[in-house]
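Take a look at the structure set out below.
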Amino acid sequence: MPGQPAASILIPTRGRPDYLDVTLASVAPQAAAAGAEVIVINDGDSPASVRVAQRHGARVVRLAPPGGANAARNAGIRAAAGDLIVLIDDDVHAPEGWLQAVLAGAGSAPQADVFGGPIRARLEGGGPHSCGREGPPITSLDLGSQDREVEMVWSANMAIRRRAIERIGLFDETLRGRGEEEEWERRYRASGGVVRYVAAAGLDHRRTAGDATLARLSRDGYAHGRNARRYDVRKSSAPSPAAELRTLAGCVWHIVRRQCANGVVLAAHSAGRVRETLRRPGPVTTPVAADDFLSGTSGQVWGTRATARAIAADAACDLAALATGMPWRLARAAAAWPRRRVLALAIERSDVPNILPAARDELLGSRHDVRFISTDAGTRGKFENLNELLAANPAHGYDWLLIVDDDVALPRGFLDAFVFLAERFDLMLAQPAHRWRSHAAYSVTRRRPASVVREIGFTEIGPLSALRAPTFDELLPFPQLRAGWGLDLHWSALAREHGWRQGVIDATPMRHGLRQIATSYSRDAAVAEAREFLADHRYVTAAQANRTAATHRGWR
């Protein structure tokens, strides 16, 4: 591709401009010589880091509020133009020739899509005394002096071909601290992928003298130990409490026997694991092992006090939007966006009052080319009805498919603004946020003040769901379900695998709940259906879905 960089070097950072300065000073000249681009992902509000990045000629991607290293990596991947994505940390020093070795290693092994090199620990000021019988107290990697296939490499020095990301999906943003890249590599290797170690592509992992003290390294080790235990529990490989205690006792004995200060850091790491092992779990609203697909709340807004609080919260959000002139600016931007073809399908209960005509009129009043088709619910389930509508009215040829319930109230100018923002942020699955005075089982879907769009962990099956054309081949027709509980969590697992972005549009909030929800079917039957469906389909848990990965407060 003409003008495509030789590689895209991604550097997530959070509030460490001095470390970042050293990293960029070593990397930027190599990138310029090789024709590669450098992207710094500022994970949080750090103007000093932005200034450092700009001084070295790096492009800056801002991520606010902070989302963690994997969220930053994913944001960088979306912004990158290169075919080879090179991940490094903000506390490394890359010696001359590092990038050329990475490129050469990738070029010589077309059968592999993931590469990594040596990571050498560099404790400036010497660090704590070590007896030499254990590894360094910070991340390092040494797999020998020869290139070879290996099981794992680490994201402080890691390169991935874009085709692997497109096949496997992005990094899991729910992971923090431990297992961040390992979880992705396990998915990649399970698909038959090859990881290649490039011996010449080594770099240094730094700690300044102030950060290489025994006290600082021990505090970090304790936190890392807790994270490591949580990750082991997640992948069902956690040692027993007795084994964790034996390891801690061994670390203490090592300190005494070897007079090894570095053993203190190892003991702190082990103590963190023990602390996490003995941590008393908080209350669980649903049986996690069996029903981790349930949100644990009904989300219904009933009662005088709850309604009053919801009205006040909506008023605050509305005033915040008006104060910035957001509705008028958004209307102007949406009016200039290309027209799209939209297929809207609705299921209507004619035996009870509904407000579907108002939603239909709002959608048909859009500047887009909208086809609206509805059917009576009858005795069939929601997705059985939707599949029948799709069989007679195929979605292929349309840019968007909307699924609309009959008890959702849409704001004026909804579809123009919704399509503009969804496409502006490259969302493949999207939904409008719930107003606070709205029935919403997941708190993450309720609107946020001063937010325009948020990237979240899933897209609900209702009351209004929007699927973009590239998802049709994978998601349509729908499974033959009645209530469809859990289907949205399955969609989200597929979205991760395909690298589809999902989001909730705060700027176009809807209201859901003309009547009490879930009255047209048995809740117990819906849960039983979800258990049976998810037993054979991969999905994200409700806890993973109920999180915000990134918040966007504007669209320029």
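Data for the structure
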read-out: Failed criterion for residue 27 (all others in (1) open to solvent by less than 30 Å² (accessible area, probe 1.4 Å); (2) assigned to a loop (DSSP other than H, G, I, E, B) hold); value: (2)
read-out: Set 507, 550: member being modelled with pLDDT of 90 or more, at negative phi and either of a type in the set (Gly, Ala, Ser) or in contact with a Ser or Thr (Cβ under 8 Å, 6 or more places away or on another chain) (or both); value: 507
read-out: Among the residues listed as 144, 177, 116, 125, the single one being more than 27 Å from the chain's Cα centre (by Cα) and under 25 Å from residue 265 (Cβ atoms); value: 125
read-out: Residues within region 326-364 that are assigned to a loop (DSSP other than H, G, I, E, B) and surrounded by 14 or more Cβ atoms within 10 Å (Cβ to Cβ), tallied; value: 5
read-out: Subset of region 53-82 (residues that are part of a helix (DSSP H, G or I) and touching a Ser or Thr at 6+ places or on another chain (Cβ under 9 Å)); value: 53, 69, 70, 72, 73, 76, 77, 79
read-out: Test result for residue 483, more than 28 Å from residue 388 (Cα to Cα) and touching a helix residue (DSSP H, G or I) at 6+ places or on another chain (Cβ under 9 Å); value: no
read-out: Some residue of region 204-221 being in contact with a Phe, Trp or Tyr (Cβ under 8 Å, 6 or more places away or on another chain) and either under 30 Å from residue 538 (Cβ atoms) or among the charged types (D, E, K, R) (or both); value: yes
read-out: Positions within region 132-143 being open to solvent by less than 60 Å² (accessible area, probe 1.4 Å) and part of a loop (DSSP other than H, G, I, E, B), in sequence order; value: 134, 135, 137, 138, 140, 143
read-out: Candidates 18, 45, 83, filtered to the one that is without any contact (Cβ under 8 Å) to a residue 60 or more places away in the chain, open to solvent by 50 Å² or more (accessible area, probe 1.4 Å) and acidic (Asp, Glu); value: 45
read-out: Residue that is modelled with the lowest pLDDT, among those in region 144-188 that are among the polar types (S, T, N, Q) and open to solvent by less than 20 Å² (accessible area, probe 1.4 Å); value: 155
read-out: Meets criteria (open to solvent by 30 Å² or more (accessible area, probe 1.4 Å) and either touching a Phe, Trp or Tyr at 6+ places or on another chain (Cβ under 9 Å) or modelled with pLDDT under 90 (or both)) for residue 191; value: yes
read-out: Residue count, region 374-415 (criterion: outside any loop (DSSP other than H, G, I, E, B) and either farther than 15 Å from residue 359 by Cβ or hydroxyl-bearing (Ser, Thr, Tyr) (or both)); value: 18
read-out: Condition check for residue 469: among the small types (Gly, Ala, Ser), at pLDDT 90 or above and in contact with an Asp or Glu (Cβ under 6 Å, 6 or more places away or on another chain); value: yes
read-out: Residue under evaluation residue 71, criteria (1) of a type in the set (A, V, I, L, M); (2) open to solvent by less than 10 Å² (accessible area, probe 1.4 Å); (3) modelled with pLDDT of 95 or more, criterion not met; value: (3)
read-out: Test: residue in region 376-394 that is open to solvent by less than 10 Å² (accessible area, probe 1.4 Å), within 21 Å of residue 506 (Cβ to Cβ) and over 29 Å from the mean Cα position of the chain (by Cα); value: no
read-out: Yes/no for residue 34 being out of contact with any helix residue (DSSP H, G or I) (no Cβ under 6 Å at 6 or more places or on another chain) and touching a residue at least 12 places away in the same chain (Cβ under 8 Å); value: no
read-out: Scan of region 215-245 for residues that are of a type in the set (A, V, I, L, M), in contact with a helix residue (DSSP H, G or I) (Cβ under 7 Å, 6 or more places away or on another chain) and under 12 Å from residue 268 (Cα atoms), ordered by number; value: 217, 223
read-out: Residues (open to solvent by 70 Å² or more (accessible area, probe 1.4 Å) and either under 28 Å from the mean Cα position of the chain (by Cα) or of a type in the set (S, T, N, Q) (or both)) located in region 308-325; value: 324
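Each row is one residue, and each column tells you yes or no for (1) surrounded by fewer than 22 Cβ atoms within 10 Å (Cβ to Cβ); (2) within 16 Å of residue 418 (Cβ to Cβ).
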{"residue": "445", "(1), (2)": "no, yes"}
{"residue": "486", "(1), (2)": "no, no"}
{"residue": "491", "(1), (2)": "no, no"}
{"residue": "506", "(1), (2)": "no, yes"}
{"residue": "533", "(1), (2)": "yes, no"}
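The values are calculated or read from the model by the stated rules, or taken from the named source; none is laboratory data. Every value quoted in this text rests on a predicted model; they were computed, and no experiment measured them. As a convention, Cβ positions derive from the backbone with ideal geometry for all residues, glycine included, and neighbour counts pool all protein chains shown. These area figures cover heavy atoms from the full protein model, side chains too; ligands, DNA and RNA do not enter into them. Shrake-Rupley method; radii C 1.70, N 1.55, O 1.52, S 1.80 Å.
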